[in-house]
Amino acid sequence: MQPFYFYETRRGQFQWRKRMSKVITDTDGHVFIITINRPEVRNCVDGETAALLEAAWKRFRDDDELYVAIITGAGEQHFVPAQT
């Protein structure tokens, strides 16, 4: 997914932001970290996010150097409430 710019209203002002992928993956040694990156909608899993999660889990499954996977949500208030 290519990043793109969008604006949102915040306190009556428009701001441009760079949108990142809905799912971010990273590794730390033998640990695979999957982050659902949709804090603006409480990390709800939509169809695109579900497909990205499936691809992330397949990457973990197919990499013999990864032993543990951690799944987390972006932001400080919510993990994942439900599928939309």
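The values are calculated or read from the model by the stated rules, or taken from the named source; none is laboratory data. Remember, it's a predicted structure, so these values are computed and weren't measured experimentally. Cβ sites come from the backbone with ideal geometry, for glycine too, and all protein chains shown count toward neighbours.
So, GLU40, is that one in a helix (DSSP H, G or I), out of contact with any Ser or Thr (no Cβ under 7 Å at 6 or more places or on another chain), of a type in the set (Asp, Glu) and at pLDDT 90 or above or not? No. Within region 27-44, being touching a helix residue (DSSP H, G or I) at 6+ places or on another chain (Cβ under 7 Å), closer than 11 Å to VAL80 by Cβ and among the aliphatic types (A, V, I, L, M) holds for one residue alone: ILE36. The set of residues from region 32-84 being more than 13 Å from LYS22 (Cβ to Cβ), β-branched (Val, Ile, Thr) and exposed (fewer than 13 other Cβ atoms within 10 Å of the Cβ) comprises VAL68, ILE70.
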